[in-house]
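In what follows, a structure is listed as structure tokens, so that the remarks can point back to it.
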């Protein structure tokens, strides 16, 4: 995630634009599938302080694939996803990288 977040009103527009650009499809590189706008996650391909919110750095992912993406910044989502049953206890075996 970039150092500075967009204000919510701007992020909502960005989120919808990226979802429309990706045709509402999770961009998981090993198998794409539809994901609703209301539940999609917008992933920063390059994250961290030097990353940006530019469209070419954003993509749609479902919650499952966003959590399992190999990015240490996503680790905060693991406990909640385990609690919600979104990912299995053996989630470490399922982590993916590009």
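The values are calculated or read from the model by the stated rules, or taken from the named source; none is laboratory data. Treat the numbers as computed from the prediction; the structure is a model and nothing was measured. So basically every Cβ, Gly included, is an ideal-geometry build from the backbone, and we count neighbours across all protein chains shown.
Some notes on this structure:
- Enumeration of residues in region 15-33 that are at negative phi and touching a strand residue (DSSP E or B) at 6+ places or on another chain (Cβ under 8 Å): 15, 18, 19, 22, 25, 26, 27, 28, 29, 30, 32, 33
- Selected residue (criterion: nearest to the chain's Cα centre (by Cα)) from residues of region 20-33 that are surrounded by fewer than 16 Cβ atoms within 10 Å (Cβ to Cβ) and touching a residue at least 40 places away in the same chain (Cβ under 8 Å): 29
- Checked against (1) at pLDDT 95 or above; (2) surrounded by 13 or more Cβ atoms within 10 Å (Cβ to Cβ); (3) assigned to a helix (DSSP H, G or I), residue 86 passes all but a single condition, namely (3).
- Lone unmet requirement of (1) touching a helix residue (DSSP H, G or I) at 6+ places or on another chain (Cβ under 7 Å); (2) more than 21 Å from residue 91 (Cα to Cα) for residue 26: (2)
- Output for region 51-61, where each listed residue is exposed (fewer than 14 other Cβ atoms within 10 Å of the Cβ) and either under 16 Å from residue 96 (Cβ atoms) or without any contact (Cβ under 8 Å) to a residue 24 or more places away in the chain (or both): 54, 56
- Subset of region 81-98 (residues that are out of contact with any helix residue (DSSP H, G or I) (no Cβ under 8 Å at 6 or more places or on another chain) and closer than 21 Å to residue 37 by Cβ): 84
- Filtered residues of region 34-50 (kept if surrounded by 10 or more Cβ atoms within 10 Å (Cβ to Cβ), part of a loop (DSSP other than H, G, I, E, B) and either touching a strand residue (DSSP E or B) at 6+ places or on another chain (Cβ under 9 Å) or at pLDDT 95 or above (or both)): 35, 37, 40, 45
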